[in-house]
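The values are calculated or read from the model by the stated rules, or taken from the named source; none is laboratory data. These numbers were taken from a predicted model, which means no experiment stands behind them. Every residue, glycine among them, receives a Cβ derived from its backbone with ideal geometry; neighbour counts consider all protein chains shown. Accessible surface is based on the protein model in full, side chains and every heavy atom, while ligands, DNA and RNA are left aside. Shrake-Rupley method; radii C 1.70, N 1.55, O 1.52, S 1.80 Å.
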Amino acid sequence: CFRWEEEKKEDGVKWMQLEHRGPYFVPLYEPLPEDVQFYYDGKPMKLSLATEEIATFYAKMLDHEYTTKEIFQNNFFHDWRKEMTSEEQEIIQDLDKCDFREIHKYFVDKNEARKALSKEEKQKLKEEADKIQEEYGYCILDGHREKIGNFKTEPPGLFRGRGEHPKMGMLKKRIMPEDVIINCSRDSKIPEPPEGHKWKEVRFDNTVTWLASWTENIQNTLKYIMLNPSSKLKGEKDWEKYEVARRLKDVVHTIRAQYRKDWESKEIKKRQRAVALYFIDKLALRAGNEKEEGETADTVGCCSLRVEHIQLHPRLDGQEHVVEFDFLGKDSIRYYNRVSVEKLVFKNLKLFMKNKDPTDDLFDQLTTTFLNKHLQHLMDGLTAKVFRTYNASITLQEQLKALTNPEDNVAGKLLSYNRANRAVAILCNHQRSIPKTFARSMQVLQEKIDAKKKQVEEAQEEVKKAEDEFNETKDAKAEANTEKKKKLLKRLEEQLAKLNVQATDKEENKQIALGTSKLNYLDPRISVAWCKKFGIPIERIYNKTQREKFAWAIDMAGEDFEF
């Protein structure tokens, strides 16, 4: 159960005591065996250790779509050459002449061998991993032993990024103790760095919740080691997030009335704010923070939209005042949508675009800071992000009400749940690329369906035969046989229906990522209440990790919970 009731700390203080072992550093590079070789221009070539390690990063990814992309290849080759010895740089000048196939095969075989290990050997590896988890995976926070989320540093490798990230293929360097800042309490046993190393710095800052941090070399962003989502601290924060979103429900009508009024404001700045807020509210767009020049991919959110990202159509496909959006959002995921908007919004957009170049800002007088200040003024704790949480959660609740048929069996109800979840994912634009295995697994499922159909047809024949026999003989044995055959037919039909539901679900879901909204935008109490109301086991919705993260909600929500 949750320890909600403990003494409240003064403002800004997150803990009084924090003790931990520091991060677990991933093992150092193990050189390739002598007989596994890299070839350049058809000839075997022995690489220096650092160069070889980076070559293995690329080799491991040979069967991945990334290594076919020019941008990935160029970034990799550029970074790899920087790490080579001058002799290697002399020779290796063209990626196309590099042959990594033998190295690739070595890692594929190694992987297969690991899969083929006996149960005992796998158990031994698991025990070793558990030992590391025991030693590094927990901290003491205010007298409680809490689980740490990511206690290992990220291994070196090639940056992948999401979408079409311009930095893909760049070298992600190994994190050393010298890069790491440790945060703990003054009186705790301060973690020891690995032998021969020292920490970058040790801090005692109890206004933050991270245990260690470092700067990663590709985007120059800070990475943190934090508590596990199931910890009290995170649970509390999660709960607060949804409570703020629930408070928005009570004032959202006032806010909507206000921004509608502002569409006709005398100040252009206010009009821009009102139109942006309409988009954030209606389309669940992200706010779009200001970014440093050239630091990351060219992605935008609502406030940073440029003229080139929207097109206005007075009429399109039978609808009036249509705005066509096309831009790269967070993680370089494309947002494409055509929306019929209110007449005043359309007029305002026309005005905002007047005499501007395609690369000019659409909302040139608006910053996220200005917008959030206004929101904070409307409701305590309100930011643009809260709208996304609110709209996602309210959509799930409404869709579940509309789609769930109490008469359905569990499989049917779960399909309705996933459809409600999909409506949210579409609203939030949570896409994924179609899984590589999709076609194959769909084919397997289709084969199962075909086989089951055949069984159903055979069973129908059997029932007909049995009924004919009973009609002729009218004896009890024939009657019992008919009943038995009917029961079997019913069971087979149910199995077929279940497989068909699975296929529908899979097909509808191939390009949509449900996990993001489930973990970050949907108040878990809505799902818990739905499960309790319709007698669905919670583990059909949340896996073990998710049940730990949402323990507070499973504990709190009854079947009558309303967001």
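Of note:
- About its Cα centre, the dipole of segment 396-506 is roughly 740 debye, where the only charges are +1 on Lys and Arg Cβ and -1 on Asp and Glu Cβ.
- Two-site label geometry, Leu316 and Arg432: point separation in nm, points 7 Å out along Cα→Cβ: 2.9
- Prolate/oblate/rounded call for segment 221-305, Cα gyration tensor, a/c under 1.5 rounded: oblate
- Our summary of shape: the Cα atoms of segment 392-556 have principal axis extents of 64, 38, 28 Å, ordered from largest down, in whole angstrom.
- Interchain or long-range residues, amide H under 5 Å from Gln431's placed H: Ala513
- Cα centroid separation, segment 49-82 to segment 411-469 (Å): 40
- Assigned charges on the beta-carbon of Lys, Arg, Asp, Glu; segment 38-119 dipole about Cα centre (debye): 520
- Using a probe of 1.4 angstrom and keeping all protein chains present, the accessible surface of the chain works out to 57 square angstrom per residue.
- Separation of the Met556 and Gln460 label points, Cα + 7 Å toward Cβ, nm: 5.2
- Taken one residue at a time, the phi angles of segment 188-201 give Karplus couplings (6.51, -1.76, 1.60, θ = phi - 60°) of 7, 6, 6, x, 8, x, x, 3, x, 10, 9, 6, 5, 6 Hz. Gly and Pro are set to x.
- Dipole of the chain computed with +1 at Lys/Arg Cβ and -1 at Asp/Glu Cβ about the Cα centre; of Tyr390, Gly42, Pro156, farthest Cα towards the positive end is Tyr390.
- Leu158 long-range amide H proximity, modeled H, under 5 Å: Lys172
- Positive-end extreme of charge dipole, the chain - chosen from Pro524, Ala402, Ser213 (charges on Cβ): Ala402
- Three-way shape call for segment 38-119 based on the alpha-carbon gyration tensor, with the a/c threshold at 1.5: prolate
- Gyration tensor verdict on segment 81-229 (Cα atoms; rounded if a/c is under 1.5, prolate if a/b is larger than b/c, oblate otherwise): oblate
- With a threshold of 32 Å on the Cα-Cα distance, the over-threshold entries among Lys60/Lys126; Lys484/Lys518; Lys413/Lys544; Lys330/Lys436; Lys261/Lys385 are Lys484/Lys518.
- Of Gln511, Ala480, Leu492, farthest towards positive along the dipole that unit charges on Lys, Arg, Asp, Glu beta carbons give segment 446-516: Gln511
- In terms of packing, defined here as the mean over residues of other Cβ atoms within 10 angstrom, the peptides 180-189, 196-205 line up highest first as 180-189, 196-205.
- Amide H partners (placed H, <5 Å) of Ile148, local residues excluded: Tyr138, Cys139, Asn228
- Here the dipole of the chain is about 1720 debye; that uses its Cα centre as origin and unit charges on the Cβ of Lys and Arg (positive) and Asp and Glu (negative).
- Peptides 540-551, 361-372 ranked from most to least packed, by the mean per-residue count of other Cβ atoms within 10 Å: 361-372, 540-551.
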